[in-house]
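*Asks:* Below you'll find the structure I mean.
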Amino acid sequence: MKKNHFFPLSLIALILLSGSGCSLLRARPAEDAGFLPKPELLTENRRRAPFHGYWVFDEHRYTSEKKRYTKIFIAPIDIERVRELYTAARGSEETKTHRIEEAEELAAYWRAKIHLLLGERLTDNPLRHSFSITEDPNEEALTLHLALVQVVPTNPGINLVGTAAGFFVPGGSLISFAGEGSVAMEGYVSRDFPEEALYEQFKDREGQKTSLFSLKDYQRYAHIRLVIDEWAEQIVALLTTPQSEMIDDGDLLLVDPL
């Protein structure tokens, strides 16, 4: 029986069609944004977390420490670094205000997604450690602090030009690379009452996924929302699984054209 070579051939075609294949590479780490309490402690640790940087105060103790807490407070997601970048950028005040409002919407979407996933984990996985969500920090709760520190929306116009150029000019699809979006975050878990204690820190930056064709390439925030969905799932997994469990990374390839 002949082996099915469809997948490797399709992967090669995908690399060729995406230009030089740059989109298949992981996004480079973002510079420290100043949100984390102790960013100097972060290292890459993909045995546990699929992020550019991760730190936990004690791998063995943290799993048992979390069992002391029955609740979690998800602090409003910080966008101050994004606000500062947009304010300092060129452009009209109207455009800057609109971009900041879009970042606020992304932050609210991310927080709501984590709320939803934690509720599902509490209901559907009774053998896993999970938390009920509290709207105020207290002695029974851990606090999840998150920040969007970089938001670069997809540029649909550049992607459209790149797609058209790819049909007529060899390598023309490389133009689309300039229109790709990216997003970066930082986060940490702490106890805030009765005294502060830092348990866990992480940071990551992701670009948009590669695909033969996706309508998301022509929508400003579709790829970013996809990354935020993955981050929400990964962060909830970090909160509810033992330190010995590896959290899966997201796929580089986007199969769904929608």
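*Asks:* Along Cα→Cβ, 7 Å out, is where each label goes; now give me the distance between the ones at Ala75 and Arg26 in nm to one decimal.
*Replies:* Each label point lies 7 Å from its Cα, and together they span 2.6 nm.
*Asks:* Can I ask one more? Calculate one ³J(HN,Hα) per residue across the stretch 33-49 by plugging θ = phi - 60° into the Karplus curve 6.51 cos²θ - 1.76 cosθ + 1.60, and present them in order as whole Hz with x for glycine and proline.
*Replies:* Per residue, the Karplus-derived 3J(HN,Hα) values read 9, x, 8, 6, x, 9, x, 5, 8, 6, 9, 6, 9, 7, 5, 10, 10 Hz.
*Asks:* What does the extension gain come out to for Ser92 and Glu44, with contour length at 0.36 nm per residue minus their alpha carbon separation?
*Replies:* Computed gain between Ser92 and Glu44 is 13.4 nm.
*Asks:* So for the stretch 32-128, what percent of the C-alpha to C-alpha distances run longer than 16 Å? List each step's numbers first, then the result.
*Replies:* Values: 3403 of 4656 pairs.
Every Cα pair in the stretch 32-128 considered, those over 16 Å come to 73 percent.
*Asks:* 5 Å is the cut-off here: which amide hydrogens, built 1.01 Å from N in the peptide plane, fall below it relative to Gln243, excluding neighbours closer than 5 in sequence?
*Replies:* Distant-sequence amide H within range of Gln243: Thr63.
*Asks:* Once label points are set 7 Å from the Cα along Cα→Cβ at both Glu120 and Tyr62, what is their separation, rounded to one decimal in nm?
*Replies:* For the pair Glu120/Tyr62, the computed spacing is 2.4 nm.
*Asks:* Another question, then. Which part of the stretch 30-62 falls in the paramagnetic zone of Met246, meaning amide N under 13 Å from the point 7 Å along Cα-to-beta-carbon?
*Replies:* Counting backbone N atoms under 13 Å from the label point, the list is 45-51.
*Asks:* A further question on this structure: Using 0.36 nm per residue, how much length does the chain from Tyr109 to Glu195 gain when fully extended, once their Cα-Cα distance is taken away? Please list the in-between numbers first.
*Replies:* Details: separation 86, 0.36 × 86 = 30.96 nm, distance 3.00 nm.
My answer for the length gained is 28.0 nm.
Since every read-out is calculated from the coordinates, none of them should be taken as a lab result. Predicted model, so just to flag it, every value in this text is computed and none were measured. With ideal geometry, Cβ positions are generated from the backbone for all residues, glycine too; neighbour counts draw on all protein chains shown.
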